[in-house]
Amino acid sequence: MAFLSITDFDKALLSQLKTEKERAKYLLQFEITTRITIENLTPKAQAVIADIGLPFVGDNAADVITAARAWLQEKAE
């Protein structure tokens, strides 16, 4: 799947979208990656798009990304 470049990500546009469905569809256009976050002094992978943190954290980055994408796809329906 081809994603839009992260340089095309527009927080102002995201904030103008009125519904959860619209926001999810917008976010699905971009690649989900992970960053390291700390939970109880333990490093974890957190799903992110650009610098927007998504509510998915875990030990395995691939699993976190898969869960975040599935959640966004559900919200976009």
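Here are the numbers:
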item	result
Candidate lysines for bridging to Lys11, where Cα separation is under 22 Å - those fewer than 8 sequence places away on the same chain excluded	Lys21, Lys25, Lys75
Relative contact order %, segment 6-76, counting alpha carbon pairs below 8 Å whose residues are six or more apart	30
Relative packing of peptides 15-21, 64-70 - highest average C-beta neighbours within 10 Å first	64-70, 15-21
Dipole magnitude (debye, nearest 20) for segment 6-76, charges at Cβ of Lys, Arg, Asp, Glu	200
Matching label, mean projected area of the Cα convex hull in nm² computed from the structure shown, candidates (1) 4.4; (2) 9.8; (3) 5.3	(3)
Additional length obtainable on full extension of the chain from Leu14 to Thr33, 0.36 nm per residue less Cα span	5.0 nm
Per-residue [θ]222 nm for the chain (sum of -39500 (n - 2.57) over DSSP H runs n ≥ 4, rounded to 500)	-11500 deg cm²/dmol
³J(HN,Hα) computed for each position of segment 54-67 - Karplus, 6.51 cos²θ - 1.76 cosθ + 1.60, integer Hz, glycine/proline x	9, x, 10, 9, x, 7, 10, 4, 4, 5, 5, 5, 4, 5
Protection proxy ranking of 2-9, 52-59 - average other beta-carbon atoms within 10 Å, highest first	52-59, 2-9
Charge dipole of the chain about the Cα centre (unit charges at C-beta), most positive-ward option of Thr34, Leu4, Leu17	Leu17
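Every number here is computed from the coordinates shown, using simple stated rules; none is lab data. Note that the coordinates shown come from a computational prediction; the quantities given were computed from them, not determined experimentally. Cβ sites come from the backbone with ideal geometry, for glycine too, and all protein chains shown count toward neighbours.
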